[in-house]
Amino acid sequence: MTDALRPGQTIGILGGGQLGRMLAMAAARLGLKVHIYEPGANPPAGEVAYSVTTAPYDDAAALTAFADSVDVVTYEFENVPAAALDLIEARVPIRPNRQALATSQDRLAEKTFLNDIGLATAPYASLNTEAELAQALASVGMPSILKTRRLGYDGKGQARITDRHDAPAALAAMDGADAILEGFIDFDHEISVIAARGLDDTIACFEPGENIHKDGILDTTRVPADISAATRERAFGIAGTILTALDYVGVIGVEMFVSGDEIIINEFAPRVHNSGHWTEAGAVIDQFEQHIRAIAGWPLVDPLRHSDVEMTNLIGDDIDQIQAIAQETGAKIHLYGKAEARPGRKMGHVTRILGPATDR
Ligand SMILES: Nc1ncnc2c1ncn2[C@@H]1O[C@H](COP(=O)(O)OP(=O)(O)OP(=O)(O)O)[C@@H](O)[C@H]1O
Ligand SMILES: [Mg+2]
């Protein structure tokens, strides 16, 4: 391919967390260097990268030097300020593109986009004030979930409303941020599709994983998901529709609720995704290499699954179990090199191979 990066060329990654770390390791296997840009000191990705810039996202000189030192830029963190992206994009391509990033940054823009391309979401209404919340509750109904439009992750910035009396406290929990009320979906299964689109428009989807959350944080992903073949095919179709509509290049994680025969889209992340970590142990290619291939203009790999697997996040104190897990045959350990185990902090994950791939 003409636009493909050659071994020895460099990928810039905005954000230095565990996703950046795993992308850097995948890039290294393909002979590509990685330059991490991260405001915080000692980022997990910095331990395995070729170079690291420690500077804030409003440091124009640092951003310019970073952009000039790399051949393509990607991100593992969605909330990079637009001005930083403007500066970088004037010098080097950003993949996935700005539209994908901007759409996923704002739950209102995201739902509007999904509905516009014919895909189903929970009913929703955007709001700021108590009066608007009362109107939104009348149109969306209860139970529902109030969420901040921007900057939420791991279930943060969310409040359930099951009764009108919950409304004031839920609004107070938004702390003045723009909010969106979403109808609560009483789903049978929560699944995600990790999919990729290459520079040559090829699309490749990993099989859906079934996700279980605890306290708003992803706990386990099991593959195969307990869904019908027809639902699986529809889930692939949805991921493909989103990728094409965004003219996307890279890996995307699309979170979906399955309710009976219906698929309702929760949200998408324009990057590799925690619910795709199983691919390291369960498929012929992992999501990290697939993303690097896509943004580097390399061919995508047909991501066949060879094993049934279950990925479990190691959160906070879970890391203390590591010596016991290390004795298990078939448990693939991945730790992120974070020094301090705080409650709710993702410290690593373990993927257990359950057996050869079955249909379900
Ligand atoms: N409308 C909804 N109906 C039912 N459950 C929901 C709804 N919205 C969110 N949830 C539950 O809460 C979880 C976290 O919500 P969401 O994905 O919106 O938050 P997030 O902060 O972006 O989380 P993450 O970083 O894990 O993706 C979902 O995976 C789902 O289990
Ligand atoms: Mg989510």
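Quick notes
- Distance histogram for the stretch 262-348 (every C-alpha pair counted, 5 angstrom bins, percent rounded to whole numbers): 3, 12, 17, 19, 19, 16, 10, 4, 0
- Spin-label pair T129-D200: with each label point 7 Å from Cα along the Cα-Cβ axis, the two points sit 5.6 nm from one another.
- Cα-based shape type of the stretch 32-72, given that a ≥ b ≥ c are square roots of the gyration tensor eigenvalues and the cut on a/c is 1.5: oblate
- Order by protection proxy (mean Cβ within 10 Å, highest first), peptides 279-290, 135-146: 279-290, 135-146
- Simple spin-label estimate for T162 and A83 gives 4.5 nm between the two label positions (7 Å along the Cα-to-Cβ direction from each Cα).
- For the stretch 261-303, the dipole from Cβ point charges (+1 on Lys and Arg, -1 on Asp and Glu) about the Cα centre works out to 260 debye, to the nearest 20.
- Here the relative contact order of the stretch 123-183, from alpha carbon pairs under 8 Å that lie six or more residues apart, stands at 49 percent.
- Computing FRET efficiency as 1/(1 + (r/R0)^6) for A172 and A55, where r is the C-beta to C-beta distance and R0 is 41 Å, gives about 0.70.
- Sorting the segments 256-264, 210-218, 34-42, 9-17 by their residues' average number of neighbouring beta-carbon atoms within 10 angstrom, most packed first, yields 9-17, 34-42, 256-264, 210-218.
- The tail of the calculated P(r) for the stretch 10-94 beyond 16 Å holds 43 percent of all Cα-Cα pairs.
- Contour excess over end-to-end distance, with Cα ends at Q99 and E47 and 0.36 nm allotted per residue: 15.6 nm
- Subtracting the Cα-Cα distance of L304 and A120 from 0.36 nm times their residue separation leaves 63.5 nm of extension gain.
- Hypothetical label at F184: residues of the stretch 136-163 whose amide nitrogen lies under 13 Å (7 Å Cα-Cβ projection): 141-146, 159-163
- Placing dummy labels 7 Å off each Cα toward the beta-carbon, the span from D3 to A28 is 2.8 nm.
- Placed amide H near L300: partners under 5 Å, 5+ positions off or other chain: none
- Normalising the average separation of contacting C-alpha pairs (under 8 angstrom, six or more residues apart) by the number of residues puts the relative contact order of the stretch 189-356 at 23 percent.
- Across all directions, the shadow cast by the convex hull of the stretch 128-176 built on its C-alpha atoms averages 3.2 square nanometres.
- Short to long, the 10 Å bins of the Cα pair-distance histogram for the chain hold 5, 24, 33, 27, 10, 1, 0 percent of all pairs.
- Sum of -39500 (n - 2.57) over DSSP H runs of 4+, divided by residues of the chain (222 nm, nearest 500): -8000 deg cm²/dmol
- Unsatisfied cross-links (Cα-Cα over 29 Å) in the set K147/K214; K111/K332; K156/K338; K147/K346; K111/K214: K111/K332
- Expected-Rg normalisation [2.2 N^0.38 Å, Cα atoms] applied to the stretch 179-335: 1.06
- Efficiency of FRET between R345 and S139 - r from beta-carbon atoms, R0 51 angstrom, step 0.05: 0.85
- Relative contact order of the chain, pairs being alpha-carbon contacts under 8 Å that are 6 or more residues apart, as %: 15
- Packing rank of 243-254, 317-328, 151-162, where each peptide gets the mean count of other beta carbons within 10 Å, highest leading: 243-254, 151-162, 317-328
Any read-out appearing in this document is the output of simple, stated calculations on the displayed coordinates, not a laboratory observation. Keep in mind that this is a model prediction, so the values were computed, not measured. Note that we place each Cβ from the backbone using ideal geometry, even for glycine, and neighbour counts take in every protein chain shown.
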